[in-house]
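These notes concern the structure reproduced below.
None of the figures in this text is laboratory data; all of them are computed from the coordinates on show. Here the structure is a predicted model, which means the values were calculated and not measured. Here the Cβ positions follow ideal geometry from the backbone for every residue, glycine too, while neighbour counts run over all protein chains shown.
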Amino acid sequence: MRAFPLFFFLLCVVPALWGNHITVCPSCHIHSIQAAVDQARPHDTVFVMQGTYIESPIRILKPLHLIGQMNPTLDGGGKKQSIFAVQTDSFSIDGFHFTNVGLSYTSEIAAIFVANSKHFTLSNNQMDHVFYGIILQHVKYGHLLHNTVEGKAIDETSSGNGIHIWKASHIHVEDNHISGMRDGIYFEFVNKSKILRNTSQNNVRYGLHFMFSNHDEYHHNEFRNNGAGVAVMFSKFIKMHHNIFHYNWGTASYGLLLKEINDADIKWNHFVQNTIGINIDGCNRITYENNDFVRNGWALRFTGGCYTNVFKNNNFMYNAFDLSYNSRVNNNLFNSNYWSEYNGYDLDKDGVGDVPYRPVKLFSYIVNKTPETLVLLRSLFVDIINFSEKVSPVFTPDQLVDKSPLLKPVPIPPTPNKM
């Protein structure tokens with residue numbers, strides 16, 4: 001007899017929690033997404049069936065769940081307006097194809113524009129021919145999952161960013177693919193957030209552009225062939241681990257640019273075939289550990305005052321320059337790294353070289369002063385001046401030395417960006 005009251009309770013209460021369903025399709029009674037949104041009550045679900053919907057903007061001002069069935073296309077018609085303009089809490093947008101968002105030089109417009117919202121999910125959406133892909137402003141507790149943004153940017157003025165987040169916290173950007181935009185992912189004033197398992201490649205400027213954001217973490221991402229690489233600036237308490245930075249080539253390109261970063265961890269990353277693996281400017285109290293630097297122009301390049309940083313158990317292999325340092329003062333610690341150019345000996349067979357290694361070469365100092373001298377690289381003249389500076393340091397900091405160089409590389413397994 002008690003089963004009936006429970007069944008009656010579920011029958012009445014659960015639908016109220018889930019909300020009603022509204023279906024939109026080109027041949028349905030409701031064939032406009034905006035009409036369905038206007039008709040829906042809070043927490044309803046709007047199913048949008050396959051087809052093309054030329055609507056812009058679609059304004060969402062109450063908590064709803066919009067789900068695309070078989071990837072319906074939302075065509076912005078080239079208007080200088082966002083397709084979805086959202087300002088509410090507790091909503092989700094899943095499974096849509098967005099295209100033809102107009103270009104504007106005076107305002108930020110996107111396939112999905114979200115402002116003043118919290119507790120939301122944007123997932124499984126595809127975007128092409130959009131000015132910005134996703135813009136979030138003044139938001140909290142959001143998830144961006146499995147979205148694809150593909151642009152055809154020619155220069156920095158012809159496109160916005162793939163995922164652009166400003167003044168936010170507790171945001172998870174996971175398993176997204178961004179290419180052909182100005183910046184792949186842009187964070188500014190974003191705290192306590194995570195960027196993980198994303199691929200950002202072939203963007204005009206940065207694969208990731210990260211500013212004034214603290215207590216964040218990014219890991220298992222791939223940043224490939226971006227115009228200037230990745231830039232992380234004016235931030236503190238950042239964890240960067242298990243990422244791949246590769247093929248970021250150009251006169252002003254980096255695997256990773258660090259500027260005014262303090263109290264961070266950079267571990268288990270791969271920097272492969274970049275003009276500069278990491279460019280470090282004014283960064284302090286950072287631990288660089290178990291990173292691979294392979295076949296870069298410069299593995300590490302210091303361009304500003306950097307103090308009390310620790311470099312240990314890293315592999316420096318086959319780089320044109322392992323380290324470029326622009327000061328005579330050094331209190332950074334280099335210890336137990338593997339250097340492919342080290343030619344010392346290990347008489348006690350403990351795996352650690354008996355002769356300390358000085359990673360800064362005189363020629364790297366000369367190239368910093370006169371870049372044109374780079375044409376002399378690999379010449380006998382360069383070998384002679386490097387040897388003379390090694391014997392009696394004059395221009396390079398004599399205290400910058402690895403006293404325990406490793407004889408074998410540190411085992412650092414490949415990092416898949418999809419786990």
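FRET efficiency for the Glu188 to Val355 pair, using the beta carbon distance and R₀ = 41 Å, is estimated at 0.30.
What pairs in Lys62/Lys140; Lys167/Lys259; Lys62/Lys152 have C-alpha atoms more than 23 Å from each other? Table pairs above 23 Å Cα-Cα are Lys62/Lys152. Rounded to the nearest 0.05, the FRET efficiency derived from the C-beta distance between Ser104 and Ala35 at R0 = 25 Å is 0.40. Dipole of the chain computed with +1 at Lys/Arg Cβ and -1 at Asp/Glu Cβ about the Cα centre; of Tyr132, Ser92, Tyr345, farthest Cα towards the positive end is Ser92. Using Cα positions and a limit of under 14 Å, work out the aspartates and glutamates in reach of Lys239, with same-chain residues fewer than 8 apart set aside. Straight-line reach from Lys239, under 14 Å: Asp216, Glu217, Asp263, Asp265, Glu289.
Candidates Gly142, Ala153, Phe237 compared by Cα position along the dipole of the chain: farthest toward the positive end lies Gly142, with charges placed on Cβ. Placing unit charges on each Cβ (+1 for Lys and Arg, -1 for Asp and Glu) gives the chain a dipole about its Cα centre, and among Thr415, Ala35, Gly250 the Cα reaching farthest toward its positive end belongs to Ala35. About its Cα centre, the chain has a charge dipole of approximately 480 debye under the convention of +1 per Lys or Arg Cβ and -1 per Asp or Glu Cβ, with nothing else charged. Here region 18-391 is described by how far its Cα atoms reach on the three principal axes: 85, 36, 33 Å, from widest to narrowest. When the helices of the chain are scored as -39500 (n - 2.57) per DSSP H run of n ≥ 4 and the total is divided over every residue, the value at 222 nm lands at -3000 deg cm²/dmol.
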